[in-house]
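What follows is a set of notes on a single structure, which appears directly below.
The values are calculated or read from the model by the stated rules, or taken from the named source; none is laboratory data. Just so it is clear, the model here is predicted, and its values are computed rather than measured. When we count neighbours, we look across all protein chains shown, and the Cβ atoms used for this are built from the backbone with ideal geometry, even at glycine.
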Amino acid sequence: MTDTIDQPTPKMPRSFPGIGTDPASVRQRVEAMEKILERMFVIPGINKPVGLDAIVGLVPVLGDIAATVLGAYIVWEAKNLGMSKWQMTRLAGNVGADWLIGLIPLVGDVTDFFFQSNTRNLRIIKRHLDKHHPHTRTIDIEARRP
């Protein structure tokens with residue numbers, strides 16, 4: 001004899017927050033990825049934000065390829081938003097320029113510190129979302145800090 005009680009199992013939600021394909025979820029993922037790639041922590045003394053892109057880029061060739069793949073994820077998310085061909089070309093151009101310059105030893109590492117392609121791409125995506133999906137707007141506290 002078993003003492004199991006048949007209880008209804010809780011229903012799983014149809015979609016988890018942040019996993020959907022709606023513009024608000026895409027915005028959350030793109031903003032999170034940009035923060036990881038470009039602003040993971042701040043270098044003390046100079047107050048310059050640095051992320052995974054610059055750190056991984058220190059590893060010759062493989063690091064630049066890894067950073068490019070992560071940057072390409074942001075471009076892929078933008079494609080799913082239905083952005084124009086011109087905007088997609090700009091996004092891909094930023095990632096491509098970052099990759100090409102990153103292949104040059106030392107010069108690429110210094111450039112990663114200043115040319116933040118993922119931040120540029122985030123700005124382009126935010127402009128698109130603010131225009132075509134204004135309900136996804138959020139207050140950007142970090143941009144308002146002095």
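Couple of notes before you dig in:
- When residues of region 16-35 are limited to those that are free of Cβ contacts under 8 Å to residues at least 24 places away in the same chain and within 29 Å of residue 110 (Cβ to Cβ), the one surrounded by the most Cβ atoms within 10 Å (Cβ to Cβ): 35
- Considering residues of region 106-130 that are of a type in the set (Phe, Trp, Tyr) and in a helix (DSSP H, G or I) only, the residue surrounded by the most Cβ atoms within 10 Å (Cβ to Cβ): 113
- Given (1) of a type in the set (A, V, I, L, M, F, W, C); (2) at pLDDT 95 or above; (3) surrounded by 13 or more Cβ atoms within 10 Å (Cβ to Cβ), number of the condition residue 69 does not satisfy: (3)
- Residue among 54, 66 that is without any contact (Cβ under 8 Å) to a residue 12 or more places away in the chain and under 17 Å from the mean Cα position of the chain (by Cα): 66
- Screening residue 135 on (1) within 17 Å of residue 56 (Cβ to Cβ); (2) over 17 Å from the mean Cα position of the chain (by Cα); (3) touching a residue at least 24 places away in the same chain (Cβ under 8 Å) shows it passes everything except condition (1).
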